[in-house]
Amino acid sequence: MEIETHELVFDTGREDIDIIDITREIRKVIEGWKEGFVNVFVQGSTAGVTVMEYESGLIKDIREFFEEIIPKNRNYAHNLTWGDANGHSHLRASLLKPSLTIPFKDGKDFLGTWQQVVVLDFDNKRRKRKIILQVVGEK
């Protein structure tokens, strides 16, 4: 068994919720591997990882959904404690997870036709968001 680690870095904070499709990058990383899994991990407490159908209608729906259930313009205790006005970002990210594991065989993932791996960055400031891809398996 071998382990290989890759790091992706994206500029975020351009949208209220940045949704970044990283499926292509994952597929490049597992290319040439026989069998195993790749763990996707996003650093930070204001972002998360999930799978979804990455299309404009659903992207709009997800942004509206999070604004409806956790609005940004509310008084959060976190904002009062830290003064950074991103309490909503932490709450939104807590509904997702910081990591996701995807199995593969013969260099091809087992994602369904309409499943793309996405990182959702909920923070209210620009940043360089790091995503760690760790492949475990047989080359």
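Throughout, read-outs are computed from the coordinates displayed, never taken from laboratory work. Everything numeric here is computed off the predicted structure, so don't read it as measured data. Cβ sites come from the backbone with ideal geometry, for glycine too, and all protein chains shown count toward neighbours.
Below, the figures for the structure above:
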item	result
Those GluC sites (Glu not before Pro) in the range 18-47 that DSSP places in a loop and that have at most 13 other beta carbons within 10 Å	GLU31
Charge dipole magnitude, Cβ of K and R +1, D and E -1 - the chain, Cα centre, debye nearest 20	320 debye
Percent of Cα-Cα distances greater than 26 Å, calculated over the chain	28 percent
Extension gain from ARG24 to LYS97, taking 0.36 nm per residue of separation minus the Cα-Cα distance	24.2 nm
Percentage relative contact order, the range 2-138, counting C-alpha pairs under 8 Å, at least six apart	54 percent
GNM result for the chain, Cα springs below 10 Å: residue of ARG27, ARG74, ARG14 fluctuating most strongly	ARG74
Within straight-line cross-link reach of LYS139, lysines at Cα separation under 19 Å, skipping those fewer than 8 residues along the same chain	LYS28, LYS34, LYS105, LYS108
Positive-end extreme of charge dipole, the range 2-138 - chosen from LEU80, ILE132, ILE70 (charges on Cβ)	LEU80
Of SER56, SER45, SER99, the one that fluctuates the most in a GNM where the chain has Cα springs shorter than 10 Å	SER56
